[in-house]
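Engineer: Please read through the structure below; I'll follow up with questions.
The values are calculated or read from the model by the stated rules, or taken from the named source; none is laboratory data. As the structure is a computational prediction, the values presented were derived from the model and not from experiment. No Cβ is skipped: glycine too gets one built from the backbone with ideal geometry, and neighbour counts run over all protein chains shown. Accessible surface areas use protein heavy atoms only, side chains included; no ligands, DNA or RNA. Shrake-Rupley method; radii C 1.70, N 1.55, O 1.52, S 1.80 Å.
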Amino acid sequence: MRVVILFGSELGTAETVADSIADVLASHDVSVYDMAEFAVEDLDVRDVLLIVCSTYGDGELPTGAEPFFDALDAAAPDLTGLHFAVFGLGDSIYGDTFNRGGEIAAEKLAERGATQFGVHARHDASTEIRPKDMAREWASELRMPTLTSA
């Protein structure tokens, strides 16, 4: 099974988390990409997609993720059959916008027909838990969907 991990980050934490998740899932065919460098046309519904996304500003997608999701909105592909999971990064001191970047990513994929699986992880920078430690635990507990060939 091919697992594609896309990260969207401002300061690089999402990239570190994505690499930690890839390490845990090394028994699969795993690829890690910066969303800023991944083309929407390369999404394949036969893959499992993992999104690692921080939150920026007033609960927005990070700068690196905006072009990918703008392109997703513009191309409007049918992603029926694509299964995805989300590991969000945020800080609870921001209240209502806590971890909103990951939520926006999930909403946009679901609007295109993709199906979310697993626990939507929401790391809180205001805790003592290191993001990559939480990511490793999340990835080890992730139950990959059973996919059929398209």
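Engineer: So for the chain, taking the charge dipole from beta-carbon charges (+1 Lys/Arg, -1 Asp/Glu), which of Ser126, Val32, Gln116 sits furthest toward the positive end?
Structural biologist: Gln116
Engineer: May I ask you to give the solvent-accessible area per residue for the chain, in square angstrom, as obtained with a 1.4 angstrom probe?
Structural biologist: Details: 7370 Å² over 150 residues.
Here the per-residue accessible area is 49 Å².
Engineer: For the chain, what is the charge dipole size about the Cα centre, in debye to the nearest 20, if Lys and Arg each add +1 at the Cβ and Asp and Glu each add -1 at the Cβ? Can you show the working numbers first?
Structural biologist: On the way: 10 positive and 27 negative charges, 108 e Å.
So the dipole magnitude of the chain works out to roughly 520 debye.
Engineer: Something else about it: Considering only DSSP beta bridges with both partners in the chain, what is the antiparallel share in %, to the nearest 5? Let's see the in-between values first.
Structural biologist: Numbers: 1 of 25 bridges.
Antiparallel: roughly 5 percent of the beta bridges in the chain.
Engineer: Right, something else. Answer rounded, prolate or oblate for the stretch 1-47, using the Cα gyration tensor with square roots of eigenvalues a ≥ b ≥ c: rounded when a/c is under 1.5, else prolate when a/b is larger than b/c, else oblate.
Structural biologist: oblate
Engineer: Moving on to the next point. Can you compute the helix-only [θ] at 222 nm over the chain? Use -39500 (n - 2.57) per DSSP H run of at least 4 residues, normalise by all residues, nearest 500 deg cm²/dmol. Walk me through the numbers on the way to the answer.
Structural biologist: Values: 4 runs with 45 residues, N = 150.
Dividing the helical sum by the residues of the chain leaves -9000 deg cm²/dmol.
Engineer: Okay, next question. Distance between Cα centroids, the stretch 2-22 to the stretch 78-150: provide it in whole Å.
Structural biologist: That distance is 11 Å.
Engineer: Then there's this: Could you give the Stokes-Einstein D for the chain in µm² per second, using the C-alpha Kirkwood radius, 25 °C, 0.890 mPa s?
Structural biologist: Stokes-Einstein gives a translational diffusion coefficient of 163 µm²/s.
Engineer: Would you pull out the residues with amide H under 5 Å of Asp91's amide H, same chain only if 5 or more places away, H placed 1.01 Å from N?
Structural biologist: Counting only residues 5 or more places away or on other chains, the set is Asn99, Ala125.
Engineer: Next question. The stretch 79-150: which GluC sites (Glu not before Pro) are DSSP loop and have at most 11 other beta-carbon atoms within 10 angstrom?
Structural biologist: Those that pass, being in a loop and sparsely packed, are Glu128.
Engineer: Further question: Work out the charge dipole of the chain with +1 on the Cβ of Lys and Arg and -1 on the Cβ of Asp and Glu about the Cα centre, then indicate which of Thr97, Ala75, Leu50 is farthest towards its positive end.
Structural biologist: It is Leu50.
Engineer: Which residue, Ala18, Ala39, Ala139, has the most motion in a Gaussian network model of the chain that connects Cα atoms within less than 10 Å?
Structural biologist: For the chain, modelled as a Gaussian network with Cα springs under 10 Å, the answer is Ala39.
Engineer: Moving on. Measure off, as a whole percent, the carbon and sulfur share of the 1.4 Å-probe accessible area of the chain, all protein chains present.
Structural biologist: 46
Engineer: Using θ = phi - 60° and the Karplus relation 6.51 cos²θ - 1.76 cosθ + 1.60, list the HN-Hα couplings for the stretch 41-49 in order, rounded to whole Hz, with x at every Gly or Pro.
Structural biologist: Whole-Hz 3J(HN,Hα) from phi for the stretch 41-49: 4, 8, 5, 10, 5, 7, 8, 9, 10.
Engineer: Relative contact order (percent) for the chain, with alpha-carbon contacts under 8 angstrom and 6 or more residues of separation?
Structural biologist: 26
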